[in-house]
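Heads up, the thing below is written out as structure tokens.
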Amino acid sequence: MIDNDRMNAEVAVFNFNRVPQNIYRFMDMGTSKPWLAIAARTNVGNTYTLRIELDKFPNEIPKVFVTRMLTTRSGAPMSGVSASMHTLSSENGRTRICHYGSQAWNPRVTLFKIYAKCRLWLEAYEGHRATGRDLDYWLKHQA
């Protein structure tokens, strides 16, 4: 679980990368289910809220959800595991983003890097909504 020292280090990384303090908030810290809420605006101007679960971070890959169920271009919910769409099984009505492979993960990965990768995922999602192409067209898989 994330401790205060790690949280302060993560805030310093956000500050260094000029992430506005008003777009993220650490939630339920000091409980068994801490998480980070962070907004991401895509290049087409859509804003999404991400939920990064911190209960096993940094030792394990954190679950990342878009805080609502996204749909494909055809209107199908993005609720299941899909390699070509880079999604994992949804929980509580939220689309879960696949952002790191287990071979690529290590405890030094920052929340900012996770946020950046999820921001790229959202750009690929916007591309899918516009063209119908799977997210694989824009994103590579990690082992």
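The values are calculated or read from the model by the stated rules, or taken from the named source; none is laboratory data. Only a predicted model underlies this, so the values are computations on that prediction, with no experimental measurement involved. Here the Cβ is made from the backbone with ideal geometry for all residues, glycine too, and neighbour counts use every protein chain on show. Just so you know, the surface numbers come from the protein's heavy atoms only, side chains and all, with ligands and any DNA or RNA stripped out. Shrake-Rupley method; radii C 1.70, N 1.55, O 1.52, S 1.80 Å.
Kindly provide the helix-only [θ] at 222 nm of the chain, computed as the sum of -39,500 (n - 2.57) over DSSP H runs of four or more divided by all residues, to the nearest 500 deg cm²/dmol?
-8000 deg cm²/dmol
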* Structure fact -> On the accessible surface of the range 4-137, probed at 1.4 Å with all protein chains in place, carbon and sulfur together account for a percent value of 47 percent
* Structure fact -> Per the charge dipole of the range 4-137 (beta-carbon charges, Lys/Arg positive, Asp/Glu negative, Cα centre), the residue among 92, 130, 104 reaching farthest to the positive end is 130
* Asked: What is the magnitude of the charge dipole of the chain about its Cα centre, with +1 placed on the Cβ of each Lys and Arg, -1 on the Cβ of each Asp and Glu, and no other charges, expressed in debye to the nearest 20?
  -> 300 debye
* In vacuum, with every alpha carbon of the chain counted as one equal point scatterer, what does the Debye formula give for log10 I(q)/I(0) at q = 0.09, 0.21 Å⁻¹? Two decimals, please. => -0.26, -1.42
* To do: For a quick protection proxy, order the peptides 38-51, 112-125 by their average other-Cβ count within 10 Å, most packed first.
  => 112-125, 38-51
* Structure fact -> Under the 7 Å Cα-to-Cβ spin-label approximation, residue 103 and residue 46 lie apart by a distance in nanometres of 3.2 nm
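So how do 23-31, 58-66 stack up, highest first, on mean other-Cβ count within 10 Å?
58-66, 23-31
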